Amino acid sequence: MKFDLTIDYPVEKLERNRQRMEARAQYRYTDRVPITYCLVPRYFTPLFNIPYKAIFENPLEHYRWQLQFAKYRMEHIPEDCWGGTTVGVSPYFDNTLDSAAFGAELVWPENETLHCMPVISSVEQMERHPMPAPGTGMWGKAIDWYQQMREFAKDTRLSFRGVEGNVSVGLGLSSLSPHMIAIDLVGNDFYWWQVEYPKACHAFLTRITDALIAAQRHVLMVTGTNLQPGCTLGLAEDTAQIMSPDMFREFCVPYARRFFDAFGATGRGIHMCGQSTHLHEALLKDMGMTSFILFGYLVDPKVAARNLGGRVQLWGNINPMLMKEGTPAQVKQAALECIEAIGPCGGFLLGDGANVCPGTPLESFQAIMAAAEEYGLGGGDRPQLPTVARASCVDR
C-alpha cells in the first residue's frame, strides 16, 4: 500500500457520534447537543509547519495532507462529525472553485488562502462575459484531481485501533450562490449596478444560475450520483448580509431557489457569515431555508432562537476570535449561552460562527465540549422548553 494511516480513535465513539447527529436531524438529542466545526486546511498547515501553498502542489500532496489533517483532527479535537470508519477527502480550493471556473482571476499566495479577483469593470463587459461549459477550467482541474485521488484511495490502508476503515473521495462545487459568484466576478460595483441597471444584473444572474445548474449536473454524472426528490443541497449567501430584505428577495432568492428546484431539493441549507438578522424572515419564508449552516457570531443566539428556532436546524455560532484569544472559561461560557438559547428548540449543532481561526488552541475545543456535556439536553425526546427558552423558540 502506498498510504498506511492508523487513527487512534475508538469505533464505539464513532457510533455515539452518529447517533447524536441523527437525533439532531430529528430535532432530538441522545445525551447532549452535538458539536462540530468549520475546520479547513488553513487551520492545520501551521500545525504541520508547512506553507499553505504546499497542499496545492499536485493531487498526490493534496490527498496526503488531507489524510494527515483528518488524523490530527480526530485525535485532538473533540467533536461529533465522525460517524463511521470512513474518512472523506475531496479536491479543495477554498471558496474559489466556482468563481474561478466562471473566469475570476485566481490568486495562489504562498501562505494565505486562495482568493479570486474581479475581472469585469463595466456593465457592457458583464453583458458579454462568457459562461463556462461544465467540466472546464477549474471545474475540469477539480475533476482531474478527483479521479487521481480515487486511485490513491484504492492504494490506502486505514485503520481505527485495529478496525479497518476506508477513504471516500468526493467531488462537489464550492456551493457559492449565483450572487456570490457575481460579486467575485464584478466586485462591489455589482451592488450599485443592481440599483442602476437591474435588468442587466438579472440577466447576468440568470446566466450564472443556468451555468451553475449545468455544472452541478455534470458533477453528479462524473460521480455517478443520483439525487432523489427531497434531497438536501447547500449554498453560501455571504454577500447578501449587507443587502436590504427587499434587495435580497429580488436578487438572491429567485436564483438560489432555481438552483434548489432544479434538483428537487426540499432540504435547503444556507451559510451566511456576518449579521443576518434582518434577512431571517426572507431566508425562512422566501428562500425556504431548512438549515442555517454556520451562521455568523454577530447574530445573538437568543435572536436566532426567536426567529428560526424549532423550524430550522441551526449550526453555530461561537465567536471564532473568542475561541482563538479568549480564556477557556470565557469560551465555555459563550458555549453555554448558545446551548441555553438555542438547544431547547431542538435541531441545534454547536460550533463556530463561522470558520475556526488558525492558532485556535485545543483548550478552546475542550471547553466547548465541557459546556455541552455539562448542559446535557438528553433523554431522546425533543426537550421540554424551560421558561427561559419559551419566549425564544418557535414550537414546531
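No value in this document is a laboratory result; all are computed from the given coordinates. Everything numeric in this text was worked out from a predicted model, so none of it was measured. Glycine gets a Cβ as well: all are built from the backbone with ideal geometry, and neighbour counts include every protein chain shown.
Basic side chains Lys and Arg get +1 at the Cβ, acidic Asp and Glu get -1 at the Cβ, and with that the dipole of the chain about its Cα centre reaches some 900 debye. Think of the chain as having a plus end and a minus end, set by charges on the Cβ of Lys, Arg, Asp and Glu; of 313, 137, 191, 313 sits farthest toward the positive end of this dipole. The protection proxy used here, the mean number of other Cβ atoms lying within 10 Å of each residue, ranks peptides 165-173, 342-350 as follows, highest first: 342-350, 165-173. Selection among 168, 376, 30 by position relative to the dipole of the chain gives 30 as farthest towards the positive end (Cβ unit charges, Cα centre).
Among the helices of the chain (complete DSSP H runs), which have Cα atoms covering no less than 18 Å along the helix axis and a Kyte-Doolittle mean of at least -1.0? The answer, listed by residue number, is 137-154, 198-223, 328-342, 362-375. Each Lys and Arg Cβ is given +1 and each Asp and Glu Cβ -1; about its Cα centre, the range 1-156 then shows a dipole of about 480 debye. Once you have all Cα-Cα distances for the chain, histogram them in 10 Å bins from zero and send the whole-percent values. Bin by bin from 0 Å, the calculated values are 5, 21, 31, 28, 12, 2, 0. Which of the aspartates and glutamates could a cross-linker bridge to residue 302, judged by Cα under 14 Å and excluding same-chain residues fewer than eight apart? Straight-line reach from residue 302, under 14 Å: 337, 340. Of all the options 163, 299, 312, the one that moves most in a Gaussian network model of the chain with Cα springs shorter than 10 angstrom is 163. For residue 115, neighbours were defined as the other residues whose beta-carbon sits under 10 Å from its Cβ, and their charges (Lys and Arg +1, Asp and Glu -1) total -4.
For the range 163-282, a crude dipole built from +1 on the beta carbon of Lys and Arg and -1 on the beta carbon of Asp and Glu, taken about the Cα centre, is about 340 debye to the nearest 20.
Taking the DSSP bridge list for the chain and keeping only pairs wholly inside it, about 20 percent are antiparallel. Taking other residues whose beta carbon is less than 15 angstrom from the beta carbon of residue 287, and scoring Lys, Arg as +1 and Asp, Glu as -1, yields -1. Take every pair of alpha-carbon atoms less than 8 Å apart whose residues are at least six positions apart; their mean separation over the length of the chain yields a relative contact order of 20 percent.
Distance from the C-alpha centroid of the range 187-225 to that of the range 63-115: 24 Å, rounded to the whole angstrom.
Kindly flag which residue pairs out of 53/141; 53/154; 71/154 have an alpha-carbon separation exceeding 21 Å in this structure. Beyond 21 Å: 53/154.
Ranking 259, 149, 346 by how far each Cα lies toward the positive end of the dipole of the chain (charges on Cβ) leaves 346 at the top.
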